[in-house]
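Below is one structure, written out as C-alpha cells; comments come after it.
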Amino acid sequence: MYFITLLRHGESEGNSSGVIQGQSDYPLTQTGIKQAKELASDWKLNHTSFDLIISSSLLRASQTAEIIADSLQVPIEFDPAWKERNFGSLQGISLQEINQDVDFFHPYQPIGGSGESQLDLFIRAGQALQNILRRSPGSYLIISHGGILNKALYVIMGITPQGHYNSPIFHFGNTGYAQFRYNPDSHQWAVLCLNNRGFLSPQSDHKLWHQD
Amino acid sequence: MVSQDLHTTIYHITLLRHGESQGNFEGRHQGQADYRLTGRGKEQIRLLLERWVYERKLFDLVISSPLPRAIETAEIIADGLNIPLKPEPLWMARDNGVLARLSPEEVQQTVPEPVFINPYQPVGQTGESLWQLYLRAGSAIQNILDNPPGNYLVVSHGGILNMSMYAILGIHPQPKLYGPRFRFSNSAFATLTYTPASHRWLVLGVNDHSHWDYTE
C-alpha cells in the first residue's frame, strides 16, 4: 500500500505580492515559515510520519520541506519533476494584470509564449507520480506547487486537460495538503482529503485564491 | 481575488455526508433502509453547527436526502442556522437491492459474490447500477444549477456524493472498484464553487471534518 501526501508550499514572497511565480525562486514569508512549522508540529502531535520527503527544488518548496524534515526527522530528496509549471513570459507578472479575458487556448498551447502547455504539465505530473509508484510501497510526502499538483490529481482521478478554463481546479491554500491511499494490487485510489488546512492558526490561515 | 459582489454570479455548494447512523455503528450496508442518527452522530452534527456558527457560514437553502439519517442531520443544521430545508429524493442513498440491512458477514453467507462487476450491473441483484447512480447524481447537480446562483448545502450519502464528484469533475464510472473513491467520513463535507459564465468548477476542499477528530 502507498500512502501519498501532496503538500503545497507555505506562503512565499511571490504569493504575498500576488505575482505569477512559475519556476522563478521566491523565499517563504514569515507567515509561510509559520505555516510550515504549524503543520510540522500538528503532524508530530498526531504521530504522522513519512518514509521519505520528495520536494520540488524551487526555494519556496525546499524551505517548506526542510522545516518539516527537521521536525519529523525524515530524509529529503529533491526532484525537479515536481517544480511548478513553466509560465514563460508570464513569470513575474502580477495576477491582476493578466486577470482579463483571453482568447480561447487549447491544451497543447504553450503558456506565455515559451512555457509549458496544460498537456506538458499533465505529462510531467504523470511521470513524477509514476516515479513514486516505482519505489517500494510506503508513506511519501511530496512538497510541490498548486499548478502541477492539480495535474497530479488529474492523473490520479483520470481527468484529462480540457483546454481554456474548462477543467476543474483543485484549490490548494498555502500548506494545504491532499492525501491518498493507493493499492497497486487492485489499482484503487482512495482520496482521503483535499486541501486540508485545519491545523493552521487563524493568523496563518490566509485565504489566498491564486494557485501557483 | 474574489470580491463579495461575485456571490450572486457564483454557486457555492457544500456536499455534506450525514452523521454516524445506527447502520454505520453496526457496520451494515444501509442503502435506502431507514436508519436514524446515533447519539454520537447527533453530537458530530452539533459540533459542525457550532463550527459553522463561529465561521459565520451562510446558506440560502438546505437540500437533503429524505432518508432519516440525512434529514435528521439536515434539520439540526437548518434549525441552528435558520435556513429553509427542502427534501430531495434525487439525493437518496444508492438502492443496494438485497444488501440493505445486511452485515458484511451476512452478505458473504447469503449473496454470491460476482466475479466481475461492470458499471451497468445492478448492485445486490435488484439495486442501482453504478451508471444509474452516476446519472441520478448528474440530475441532482443539474437540479441545483436550475436554481439561481446562491449558497446551497446538500445533505446526502457517501456513494451518491462520490458519483456527484464524478459528474462535477468529469470522471466516468468504472468497473469493479476501479475509479477513485472520495472519502466522506460521517459529518464531513466537500466545498465547491461553480461559475456558470465560464463553466468553472473550483474544489475548495474534500472530507473536511476538523470539527470531529477521527483517529484512524
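Of note:
- Sorted into 10 angstrom bins from 0, the C-alpha pair distances of segment B:12-208 split as 9, 36, 36, 16, 3, 0 percent.
- Shielding by partners, peptide A:165-175 (average Cβ within 10 angstrom, other chains): 5
- Quarter of the Cα convex hull surface for chain A, i.e. its orientation-mean projected area (nm²): 11.0 nm²
- Residues A:PHE170, A:PHE199, A:PHE122, A:PHE105 in ascending order of nearby Cβ atoms (within 10 Å, fewest first): A:PHE105, A:PHE199, A:PHE122, A:PHE170.
- Other residues lying with their Cβ under 10 Å from the Cβ of A:PHE199 contribute a combined charge of -2, Lys and Arg counting +1, Asp and Glu -1.
- Lysine pair number, Cα distance threshold 19 Å (strictly under), the protein assembly as shown, separation 8 or more or different chains: 6
- Residues whose placed amide H lies under 5 Å from that of A:GLN188, excluding near-sequence neighbours: A:ASN183
- Order of A:ILE159, A:ILE143, A:ILE148 under a 10 Å beta carbon neighbour criterion, fewest first: A:ILE159, A:ILE148, A:ILE143
- Ranked from largest, the principal axis spans of the Cα set of segment A:23-109 equal 49, 26, 21 Å.
- If the segment from A:ASP79 to A:ASP185 were pulled out straight at 0.36 nm per residue, it would be longer than the present Cα-Cα gap by 35.5 nm.
- Take the Cβ atoms of A:ASP42 and B:LEU135, set R0 to 60 Å, and the FRET efficiency comes out at 0.90.
- Between B:SER164, B:SER103, B:SER65, the residue with the greatest mean-square fluctuation in the GNM of chain B (Cα pairs under 10 Å linked by springs) is B:SER103.
- Globularity ratio of segment A:67-172, using Cα Rg and 2.2 N^0.38 Å: 1.20
- Relative to the longest principal axis of the Cα atoms of chain B, helix B:68-81 runs at roughly 10 degrees.
- J(HN,Hα) series, segment B:89-96, from Karplus relation 6.51 cos²θ - 1.76 cosθ + 1.60, nearest Hz, glycine and proline x: x, 4, 8, 4, 5, 4, 5, 9
- Fewest neighbouring Cβ atoms within 10 Å first, the residues A:HIS187, B:HIS29 line up as A:HIS187, B:HIS29.
- Rounded to whole Hz, the Karplus (6.51, -1.76, 1.60) HN-Hα couplings of segment A:103-116, x for glycine and proline: 4, 3, 10, 8, x, 9, 7, x, 7, x, x, 10, x, 8
- Size check on the protein assembly as shown: the Cα extents along the three principal axes, sorted descending, read 59, 50, 43 Å.
- Surface/4 of the Cα convex hull for segment B:118-164, nm²: 3.7 nm²
- Cut-off 19 Å, label 7 Å out along Cα→Cβ of A:SER136, residues of segment A:30-72 by amide N: A:49-54
- Here the mean projected area of the convex hull built on the C-alpha positions of segment A:119-212 is 6.7 nm².
- For B:PHE116 and A:GLN96, the FRET efficiency from 1/(1 + (r/R0)^6), where r spans their Cβ atoms and R0 equals 51 Å, is about 0.45.
Rule-based calculations on the coordinates, nothing more; no lab input. Model, not experiment: these values are computed from the prediction. A quick note on method: Cβ atoms are made from the backbone with ideal geometry, for glycine too, and the neighbour counts reach across all protein chains shown.
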